[in-house]
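Contents: one structure, followed by commentary.
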Amino acid sequence: MKGFIVTVDGPAGSGKSTIAKLIAKKYDLTYLDTGAMYRMIALYVLKHGVGLEDKKAIADMLEKADLDIDGDRFYLDGEDVTEMIRTPEVNRIVSPVAAIKEVRKKLVDMQREISKGKRTILDGRDIGTAVFPDADVKIFLVASPEVRALRRLKEYEQKGVKTTYEEVLESIKERDYIDSTRKESPLVKADDAHEVDSSKMTIDKVLDKISEYIEEKIGE
Ligand code: CDP
């Protein structure tokens with residue numbers, strides 16, 4: 001069967017992974033959470049105590065990091081790190097780590113390799129612009145920073161992570177800034193992406209909207 005690629009890009013906490021999982025289920029696509037891959041490298045950097053400014057050391061380290069993905073579980077050097085990659089500590093350093101050219105090159109190569117010839121939905125920041133510029137359907141999912149911070153805060157509360165609305169909002173704004181202004185594949189909407197603002201939409205509404213775009217494409 002011919003490959004079919006759907007990309008979902010957008011800022012932190014806009015609901016990309018929630019919606020990508022639902023779309024994957026509905027249309028029988030494989031889901032790849034590319035943010036989790038950057039988070040694994042950020043965790044690797046934390047574990048090995050390398051300074052963020054030492055880009056050379058981080059680039060060298062990349063060769064040794066063993067990343068593995070099995071369904072929705074993520075393994076770093078054989079250890080299941082699925083929960084560990086979603087902590088505020090990882091959030092703090094993931095954007096600077098993801099701005100390093102060598103890091104992006106390694107992960108983009110892996111993303112293309114994993115999706116080759118398959119029916120896949122990927123979410124991230126640069127999927128529709130840099131990783132798969134010829135994707136079949138491109139979505140740019142946005143929401144106001146305040147709505148995104150509230151959603152993220154709720155997730156933290158459910159997991160028992162102690163933080164405040166102000167801290168979460170600050171962290172989201174900082175990541176947005178770094179992700180949108182970096183030199184390598186910044187977060188921007190692809191010209192041919194459909195922008196969906198989920199601030200005032202229910203998940204079902206967002207799902208319906210994106211389904212329309214996918215079905216339009218399937219019907220062509
Ligand atoms: O879930 P959330 O929106 O908070 O973030 P994520 O998708 O898990 O991505 C975490 C970080 O990885 C982002 O803030 C980016 O710095 C980086 N990232 C990226 O640079 N390119 C991607 N394709 C995906 C994530």
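Some points to look at:
- Pairs with Cβ under 6 Å, 6+ apart, first in segment 175-197 and in contact (Cβ under 8 Å) with a residue 60 or more places away in the chain, second within 10 Å of the ligand (Cβ to nearest atom) and basic (Lys, Arg): ASP179/ARG125; GLU184/ARG104; LEU187/ARG125
- Residue match in segment 14-27 (condition: in a loop (DSSP other than H, G, I, E, B) and under 30 Å from LEU169 (Cβ atoms)): yes
- Set LYS189, LYS217: member being at pLDDT below 95, surrounded by fewer than 18 Cβ atoms within 10 Å (Cβ to Cβ) and under 22 Å from VAL131 (Cα atoms): LYS217
- Any hit, segment 92-100, residues being touching a Ser or Thr at 6+ places or on another chain (Cβ under 9 Å), within 11 Å of the ligand (Cβ to nearest atom) and more than 21 Å from VAL131 (Cβ to Cβ): yes
- Matching residues, segment 73-103, being more than 21 Å from TYR165 (Cα to Cα), within 16 Å of the chain's Cα centre (by Cα) and hydroxyl-bearing (Ser, Thr, Tyr): THR82
- When ASP208, ASP176, ASP134 are checked against the criterion of being part of a loop (DSSP other than H, G, I, E, B) and of a type in the set (Asp, Glu), a single residue qualifies: ASP134.
The values are calculated or read from the model by the stated rules, or taken from the named source; none is laboratory data. Since we're looking at a predicted model, the values are computed, not measured. Every residue, glycine among them, receives a Cβ derived from its backbone with ideal geometry; neighbour counts consider all protein chains shown.
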